[in-house]
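Visitor: Input: one structure, supplied below.
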Amino acid sequence: MDRSRRDAIEDLLRRIWVEKESGNSFSCGESPASGNFSDDELIEELKNKNLVSRDGDVEKLTPKGEEKASNIVRRLRLAERLYSDLLQGEDEDSSAKFACRFEHILNDEVTDSVCTLLGHPPTCPHGKRIPRGSCCQRSEKELHSLVKPLTDFAPGAKARIVFISPSFHNRLDRLNSFGVLPGAEISLHQKKPTFVIRLGATEIALEKEVAGEIFAIGIN
Ligand SMILES: [Zn+2]
Ligand SMILES: [Zn+2]
């Protein structure tokens, strides 16, 4: 298949996926045709490849088509992020051009590297969701095993607070007033008889329940 035809196929898959995301169904002919190829012609090809099937009078992605299309959207939105975050591009027009060229070039491996480089961003610069890749799931798992409640650390451990999920909001205010905030470095002074952490020169006693709501990552 020549390049431009492959690109047109990918564009069409992406358009069907995006229509579904925005709650619309895709019917042939409503959107501009992809370059030199008519939608009808491309849809036929997608059907032959079992990427699209007809449901009443709308075209739906098959599970195989869904997977392929979400990868295409992922590449496009990551390319947008790459352009705006890393290359500091602000011009909408050249950003779109860059992303459109780039989305067809990236293979899965490079896509995951770009995603990792950008810190697995959840959304594109327009606020649209970036479909997750295998790299994101891996990183969530790794992060998950590293971030744990203060109650899981041993006395003497140093940790950086990542997030706090208090059951009561005024608790958060009280913790904030002590400087117990995401990003703060603390050390665990003792767990018994009371739970005590050190933050700089300050010792702060916490109820065990509260300590269990502060999530941190160990540092050396
Ligand atoms: Zn976007
Ligand atoms: Zn990722």
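Visitor: For segment 71-145 and segment 167-220, what is the separation of their Cα centres, given in Å?
Guide: Here the answer is 35 Å between Cα centres.
Visitor: Continuing with this model, one more query. Which shape class, rounded, prolate or oblate, goes with the chain when its Cα gyration tensor gives a ≥ b ≥ c as root eigenvalues, a/c under 1.5 marks rounded, and past that a/b bigger than b/c marks prolate?
Guide: Values: a/c = 3.29, a/b = 2.75, b/c = 1.20.
Judged from the Cα gyration tensor, the chain comes out prolate (a/c at least 1.5, a/b above b/c).
Visitor: Looking at the square roots a ≥ b ≥ c of the eigenvalues of the Cα gyration tensor of segment 145-219, which shape do they give, rounded for a/c under 1.5, prolate if a/b is larger than b/c, or oblate? All intermediate terms of the calculation are to be shown ahead of the outcome.
Guide: Details: a/c = 1.28, a/b = 1.15, b/c = 1.11.
Judged from the Cα gyration tensor, segment 145-219 comes out rounded (a/c under 1.5).
Visitor: Once amide H atoms are built 1.01 Å from N in the peptide plane, which residues 5 or more positions from residue 37, or in another chain, come under 5 Å H to H?
Guide: So residue 37 has HN proximity to no qualifying residue.
Visitor: Rounded to the nearest 500 deg cm²/dmol, what is the calculated helix-only ellipticity per residue at 222 nm for the chain, with -39500 (n - 2.57) per DSSP H run of length n ≥ 4?
Guide: Values: 8 runs with 98 residues, N = 220.
Estimated from H runs of four or more residues: -14000 deg cm²/dmol.
Visitor: Roll a 1.4 Å probe over the protein heavy atoms and report the accessible area of residue 111 in Å², nearest 10.
Guide: The value for residue 111 is about 0 Å².
Visitor: If you roll a 1.4 angstrom probe over the protein chains with everything in place, what fraction of the accessible area of the chain belongs to carbon and sulfur, to the nearest %? All intermediate terms of the calculation are to be shown ahead of the outcome.
Guide: Working: 6500 of 12640 Å².
Taking all protein chains in place, the chain shows 51 percent carbon and sulfur surface.
Visitor: May I ask you to give the solvent-accessible area per residue for the chain, in square angstrom, as obtained with a 1.4 angstrom probe? It would help to have the intermediate numbers written out before the result.
Guide: Numbers: 12640 Å² over 220 residues.
Normalised by residue count, the accessible surface of the chain is 57 Å².
Visitor: Among all the aspartates and glutamates, which ones have a C-alpha under 12 Å from residue 68's C-alpha, if same-chain residues fewer than 8 places away are not counted?
Guide: Result set, ordered by chain and number: 10, 11, 108.
Visitor: How many nm is it between the label spots at residue 58 and residue 178, if each spot is 7 Å from the Cα in line with the beta carbon?
Guide: About 5.3 nm separates the two model spin labels.
The values are calculated or read from the model by the stated rules, or taken from the named source; none is laboratory data. Keep in mind the model is a prediction, meaning the values are calculated, not measured. Glycine also receives a Cβ, built like all others from the backbone with ideal geometry; neighbour counts cover every protein chain displayed. Remember, those area values only see protein heavy atoms, side chains included, never the ligands or the DNA or RNA. Shrake-Rupley method; radii C 1.70, N 1.55, O 1.52, S 1.80 Å.
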